[in-house]
1. Picking from 20, 15, which residue would you name as being in contact with a strand residue (DSSP E or B) (Cβ under 6 Å, 6 or more places away or on another chain) and not β-branched (Val, Ile, Thr)?
2. If a residue must be in contact with a Lys or Arg (Cβ under 8 Å, 6 or more places away or on another chain), closer than 20 Å to residue 6 by Cβ and of a type outside the set (A, V, I, L, M, F, W, C), how many such residues does the stretch 16-30 contain?
3. In the stretch 50-64, how many are surrounded by 13 or more Cβ atoms within 10 Å (Cβ to Cβ) and in a helix (DSSP H, G or I)?
4. State the number of residues belonging to the stretch 45-81 that are in contact with a Phe, Trp or Tyr (Cβ under 8 Å, 6 or more places away or on another chain), hydrophobic (A, V, I, L, M, F, W, C) and over 25 Å from residue 6 (Cα atoms).
5. Hey, among 12, 91, 47, 82, which residue is modelled with pLDDT under 95 and in a helix (DSSP H, G or I)?
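The values are calculated or read from the model by the stated rules, or taken from the named source; none is laboratory data. Nothing here was measured: the structure is a model prediction, and the numbers come from that model. Counting neighbours? That spans all protein chains shown, and the Cβs are built from the backbone with ideal geometry, glycine included.
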Amino acid sequence: MVKFPVHCPSCEQQLEVAKLVCSSCETQVIGKYSLPLLMRLEVEEQEFLLQFLLNSGSLKEMANQLGKSYPTVRNKLDDLIEKIKKLQNGE
């Protein structure tokens, strides 16, 4: 899987979307748009959230699937919650 860039490779600042293109008719929309909050997460964090949803929020089931302990998975979720709060507050 190719990682979607969210930070500038030169200065590490957050990237913004500047152009969207329709693959069907090639219409282009050009502007300056912020990335949605969930896209600003690392790929691994996005995958963790997806698995959390697909497991109906069962950390016990996720721990079993990942071969990790429940506290490890719980800590990962807590860290992710904190990161999302910081992103929401613009930190």
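1. Working: 15 fails: in contact with a strand residue (DSSP E or B) (Cβ under 6 Å, 6 or more places away or on another chain).
Selected residue: 20, the only one of 20, 15 that is in contact with a strand residue (DSSP E or B) (Cβ under 6 Å, 6 or more places away or on another chain) and not β-branched (Val, Ile, Thr).
2. Count: 1.
3. So the count comes out to 7.
4. 3
5. Only one candidate passes the filter, namely 47.
Each row is one residue, and each column tells you yes or no for (1) closer than 18 Å to residue 14 by Cα; (2) under 15 Å from the mean Cα position of the chain (by Cα).
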site	(1), (2)
47	no, yes
51	no, yes
54	no, no
61	no, no
70	no, no
84	yes, yes
